[in-house]
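Nothing in this text is a laboratory measurement; each read-out follows from the coordinates by a stated rule. Model, not experiment: these values are computed from the prediction. Note that each Cβ is placed from the backbone with ideal geometry, even for glycine, and that neighbours are counted across all protein chains shown.
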Amino acid sequence: MPDSTMVLVALSLANRSLTFVTEGVMQRAEYAVVLDFQRDGASVQRVETRETVRVSSFKETTRAEESIIFQRLTTVPPGAYTLAITVRDEGGTNTAVEQVPVTVPRLMPRTLSSPIVVYRASPRTSVDAAPNLIANPRSTVVFGRDSLVPVYIEGYGLAADTHVVVGVLDDERRVVMQDTVTFAGQGSLSSKVLSFRIPQLGVGSLTLTASLIGGGEPVSAPVFVSFGEELGIIGFDELLSYLRYYAIAERLAPLRDSVPERRAAAWAAFWKSTDPIPATPEHEGLRDYFARVQTANLRFREEGGEGWLTDRGEVYITLGEPDQLMEQGGPGVGARGRVEVWEYAKYHVQLVFVDQTGFGRWRLTPASEADFRQIEQRELVH
């Protein structure tokens with residue numbers, strides 16, 4: 001309606017951010033979401049909802065990827081707002097609060113909706129029906145795993161055979177691709193699901209754009225093409241650097257030697273050839289590997305260096321959590337000569353780290369480094 005616009009709010013959450021309890025053979029968690037559209041300090045539209053998540057096993061409760069999707073449609077009068085979002089774990093203490101500026105447009109005849117990156121959608125034919133879609137809350141796809149970026153968009157009051165220019169811009173606002181699509185024109189509402197081929201887009205932070213030929217306000221939305229959900233948005237050279245503990249140099253050579261236009265094919269081939277369980281859409285090996293990279297960055301950061309580049313970080317990423325960890329020496333920062341002993345029963349080895357300065361600069365002893373290098377050569381993907 002002219003005095004209200006439908007707004008879709010979508011969020012993604014990780015299982016491990018919620019507190020689960022046993023419910024029969026299942027695990028259950030509950031969380032609450034509050035959406036408050038504010039203008040001049042006053043609430044214009046407030047939505048409160050409580051959601052339930054059920055998973056089949058305790059292991060599922062520890063998943064770190066953002067696999068829970070929350071989405072809510074509400075109608076808001078056109079205008080500029082501050083959207084206050086509160087997400088609360090009902091079974092624990094985790095709470096997240098975010099405030100974002102939102103401009104709600106007035107969708108008059110000859111206008112387009114915002115493009116929405118989706119997992120799937122069915123075009124609707126009437127404004128009386130709710131859109132049938134599952135949004136991609138982070139607008140993120142994975143280079144080498146996903147082949148297409150599906151995008152849902154609507155047009156209002158368009159004439160028959162209305163032409164719309166759609167395109168993708170890179171982070172420097174350069175045109176990556178551009179095309180013209182036709183909206184058939186069905187009275188008050190026309191809708192489409194557009195598909196963009198990921199190999200044509202490249203990697204990084206991109207912007208989807210759409211504009212009517214012959215006038216009208218252009219619309220846009222972000223899309224992020226990543227090498228992996230655990231990695232965020234990084235460049236190709238940075239990706240190769242991260243993989244140094246995953247595979248031998250010969251395995252990485254085709255990636256390192258590929259020219260930009262062949263990187264999509266090279267990454268897809270690497271993905272396929274190293275996937276431990278090809279029958280699943282997920283690459284479990286890389287998922288677990290990059291999860292360890294993230295943990296190493298959190299736990300083993302040292303002054304002047306990221307955690308994954310430290311001796312302890314490299315061992316943790318390559319071999320995982322030790323079966324037993326023993327500490328020797330004085331407690332606390334400033335105590336020189338502290339020792340950590342990591343025991344791995346599988347490899348029949350104890351690896352010794354020494355903090356010789358007392359300021360958290362842990363180094364493998366020469367003998368332990370020699371033992372580790374021998375094990376590392378067996379564990380790297382060949």
Contact order normalised by residue count of the stretch 236-379, Cα under 8 Å, 6+ apart, percent: 14
Total charge dipole magnitude, the chain, about the Cα centre, Cβ charges on Lys, Arg, Asp, Glu only, Debye to nearest 20: 500
What residue among Thr82, Thr280, Gly216 has its Cα farthest toward the positive end of the dipole of the chain, where the charges are +1 on Lys, Arg and -1 on Asp, Glu, each on the Cβ? Gly216
Quick one: helix 366-379 against the long Cα principal axis of the chain, what's the angle to the nearest 10°, folded into 0 to 90? 50
Once exposed loop trypsin sites (Lys or Arg not before Pro) are cut out (DSSP; at most 10 other Cβ, 10 Å), longest piece of the chain: 175-382
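If R₀ is 25 angstrom, what is the calculated FRET efficiency for the pair Glu282 and Val165, using the beta carbon separation as r and rounding to 0.05?
0.10
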Run the quick spin-label model on Met108 and Val25: label points 7 Å from Cα toward the beta carbon, then report their separation in nm to one decimal. 5.9
Please compute the length gained on full extension between Ile85 and Ser211, using 0.36 nm multiplied by the number of residues separating them and subtracting their Cα-Cα distance. 42.3 nm
FRET E, pair Met6, Phe58, Förster distance 56 Å, beta-carbon r, rounded to 0.05: 0.90
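Which is the longest run of the chain containing none of the GluC sites (Glu not before Pro) found in DSSP loop states (not H, G, I, E, B) with at most 11 other C-beta atoms within 10 Å? Numbers along the way, then the final one.
Numbers: sites that count: Glu172, Glu303.
Counting only loop sites that pass the neighbour cut-off, the longest clear stretch is 1-171.
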Please compute the modelled spin-label separation between Gln71 and Val381, points set 7 Å along Cα→Cβ, answer in nm with one decimal. 3.1
Toy charge model, Lys and Arg Cβ at +1, Asp and Glu Cβ at -1: the stretch 107-226 dipole around Cα centroid in debye, rounded to 20, equals 220
Paramagnetic label zone (point 7 Å from Cα along Cα-to-C-beta, Phe359; backbone N under 11 Å) in the stretch 264-306: 303-304
Please work out the Kirkwood hydrodynamic radius for the stretch 236-379, using every pair of different C-alpha atoms, and report it in angstroms with one decimal place. 16.8
With only Lys, Arg, Asp and Glu charged, each at its Cβ (+1 for the first two, -1 for the last two), find how big the charge dipole of the stretch 215-334 is about the Cα centre; round to the nearest 20 debye. 260
Cross-link candidates for Lys346: which lysines have Cα within less than 24 Å, leaving aside residues fewer than 8 places away along the same chain? Lys59
Quick one: what Rg and Dmax do you get for the chain from the alpha carbons, in Å? 25.2, 79
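How high is the FRET efficiency from Arg173 to Leu325, r the C-beta distance, R0 30 Å, rounded to 0.05? Please report the intermediate quantities before stating the final value.
Details: r = 50 Å, r/R0 = 1.66.
The calculated FRET efficiency here is 0.05.
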